[in-house]
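Below: the structure, in structure tokens.
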Amino acid sequence: MNEQIQILPMAIAMVAGPQLISAVFLATSRDPRRNSLAYLAGATAAVLAGLAISYVTALIFNEAAEATGAESSDDWLTWVIVGLLVVLSIHTFRTRHTAETPKWMSGLLEADPRAAGKLGFGLFALMPTDIAVMLAVGAFLAQNDLGYLDGLPFVAVTVLLVALPFLAYLVMGRRADHLLPRVREWATSYSWAISIAVYIFFIYAIVS
């Protein structure tokens, strides 16, 4: 259980950036309910599939390391995870001043559920940062002799976080139109710092 808790903060890094910003746009779109639900469905499918691929990949590499007579495949996996997180931290820091809302996101206000679903899947399945995070989580599960199902709380928290704009809309209705743009601006400006803090915390949890 302690190992499962350690990976939960990585869900924050999964949604920090265009993933959460897109959710805000869709929650204030022409059809916020259907668009947001489609977006969440796409995101859920992407994270479930991505984590499964990452976990199986980690198991294969772990077995390969053991077959070669490596003294400790666990140590090997540890350094793979740490290396991924260091690369993510450096990349996030170097691109912190270039983060801005892409122009195509403004079109999400007129999006339909089909497009929203594809966007949710694509943003979580194809974003390099999210791929790296899922690889790190999958390797962590394999390193600690945990199963794929032990990673489902990470998936659940990821989906919950990206669902927050939609939940705000359900609670506040159209009053959320005034709050959510502020959230969008804040996420655009400071998501990089939150992501780096999560990466550093996870590195510490792994090596300590």
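The values are calculated or read from the model by the stated rules, or taken from the named source; none is laboratory data. What you see is a predicted model, and the numbers here were worked out from it, not measured in a lab. Glycine gets a Cβ as well: all are built from the backbone with ideal geometry, and neighbour counts include every protein chain shown. Please note that ligands, DNA and RNA were not included when accessible areas were found on the heavy atoms of the full protein model with its side chains. Shrake-Rupley method; radii C 1.70, N 1.55, O 1.52, S 1.80 Å.
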Being modelled with pLDDT of 90 or more and either in a helix (DSSP H, G or I) or more than 18 Å from the chain's Cα centre (by Cα) (or both) narrows it down to one residue among Leu152, Leu179; which is it?
Leu152
Just to be sure I understand the filter: pairs with C-beta atoms under 7 Å, separated by 6 or more residues or on different chains, first member in segment 54-82 and closer than 25 Å to Phe201 by Cα and modelled with pLDDT under 65, second member surrounded by fewer than 15 Cβ atoms within 10 Å (Cβ to Cβ) and not small (Gly, Ala, Ser). Which pairs pass?
Ser73/Glu66
Given the structure, is Phe25 in a helix (DSSP H, G or I) and crowded, with 23+ Cβ neighbours inside 10 Å?
yes
The condition from (1) open to solvent by less than 40 Å² (accessible area, probe 1.4 Å); (2) at pLDDT below 85 that Gln19 misses is numbered (2)
Scan segment 91-107 and tell me whether some residue there is in a helix (DSSP H, G or I), at pLDDT below 85 and β-branched (Val, Ile, Thr).
yes
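Given the criterion modelled with pLDDT of 80 or more, surrounded by fewer than 16 Cβ atoms within 10 Å (Cβ to Cβ) and touching a helix residue (DSSP H, G or I) at 6+ places or on another chain (Cβ under 9 Å), identify the matching residue among Val86, Val133.
The conditions single out Val86.
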